[in-house]
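Written below as structure tokens is the structure these notes are about.
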Amino acid sequence: MDRTPDEKLKLENQLCFPLYACSRRIVSDYTPYLKPLGITYTQYIVLMVLWEQDGITVGELCRKLYLDSGTVTPLLKKLEERGILTRRRCQEDERCVSVWLTEKGHKLKEKAYPIPDQVCGCMPLDEEEAGTLYKLLYKILDQM
């Protein structure tokens, strides 16, 4: 569809806006469930990666989360200060840093088990719609 320059600048014609607004809303929906654990949404997604693959490098963590090291490093530092994880230089390559959960970090996983079901109930999508959206969003992420 051809649109005029003015139409192209209307908020209602931007695909990026509902993606942005939904993202903010979803993160907000997580807050009451993460607050008792003392973590933010971004710290939560870091922990989810570590619960799946403990000892991952910072670079790989950044790739998995689609975040840069300037965003991830301060998060890791805060989680380390709280005793949730540790960072260690890789023996093979001193420039490489790996991230490891502490016992406290592993225990947080048990407390986080109910969160996906609690938040999923906030989304008005059936399983098929959620699957389609998931595939489309990763298609966009992987192309960018």
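The values are calculated or read from the model by the stated rules, or taken from the named source; none is laboratory data. Quick caveat, the model's predicted, so the values are computed rather than measured. No Cβ is skipped: glycine too gets one built from the backbone with ideal geometry, and neighbour counts run over all protein chains shown. Areas reflect the complete protein model, heavy atoms only, side chains present, ligands, DNA and RNA absent. Shrake-Rupley method; radii C 1.70, N 1.55, O 1.52, S 1.80 Å.
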Local electrostatic count at C96 - Lys and Arg +1, Asp and Glu -1, tallied over other residues with Cβ under 14 Å = +1
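Of the listed peptides 41-48, 108-115, what is their order by residue-averaged count of other C-beta atoms within 10 Å, with the highest listed first? List each step's numbers first, then the result.
Working: 41-48: 19.0, 108-115: 13.4.
In descending order of packing, they fall as 41-48, 108-115.
Over the stretch 73-123, what is the relative contact order in whole percent, taking alpha-carbon pairs under 8 Å and six or more residues apart? Spell out each step's value before the answer.
Values: 38 pairs, mean separation 13.0, N = 51.
It comes to 25 percent, rounded to a whole number.
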Per the 1.4 Å probe, what fraction of the accessible area of the stretch 1-68, in percent, lies on carbon and sulfur atoms?
-> 55 percent
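Over 18 Å between C-alpha atoms is what I'm after, so list which of K35/K78; K64/K111; K35/K135; K10/K135 land there. Display every interim value, and only then the final one.
On the way: K35/K78 15 Å; K64/K111 23 Å; K35/K135 29 Å; K10/K135 27 Å.
Pairs exceeding 18 Å: K64/K111; K35/K135; K10/K135.
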So what is the relative contact order for the chain, in percent, with contacts set as C-alpha pairs under 8 Å and at least six apart?
-> 20 percent
Listed residues V58, T132, C122: farthest to the positive end of the dipole of the stretch 50-144 (Cβ charges) = V58
Taking the simple approach of a point 7 Å from Cα along Cα-to-Cβ for both N13 and A130, what is their distance in nm?
-> 3.5 nm
Only Lys, Arg, Asp and Glu count, each charged at its Cβ (+1, +1, -1, -1), so figure out the dipole size of the stretch 1-69 about its Cα centre, rounded to 20 debye.
-> 160 debye
Per residue solvent-accessible surface (Å²) - the stretch 44-122, probe of 1.4 Å = 61 Å²
Helix-only mean residue ellipticity at 222 nm for the chain, each DSSP H run of n ≥ 4 adding -39500 (n - 2.57), per residue, nearest 500 | -19000 deg cm²/dmol
Positive-end residue of M144, V72, I84, charge dipole of the chain with Cβ unit charges = I84
Compute the signed sum of charges (Lys and Arg +1, Asp and Glu -1) over the other residues within less than 15 Å, Cβ to Cβ, of P116.
-> -3
Taking the chain as a Gaussian network, Cα atoms linked when under 10 Å apart, which of R63, R95, R24 shows the biggest mean-square fluctuation?
-> R95
Report, in debye and to the nearest 20, how large the dipole of the stretch 29-144 comes out about its Cα centre when Lys and Arg carry +1 and Asp and Glu carry -1 on their Cβ.
-> 580 debye
For the chain, Rg(Cα) over 2.2 N^0.38 Å is 1.26
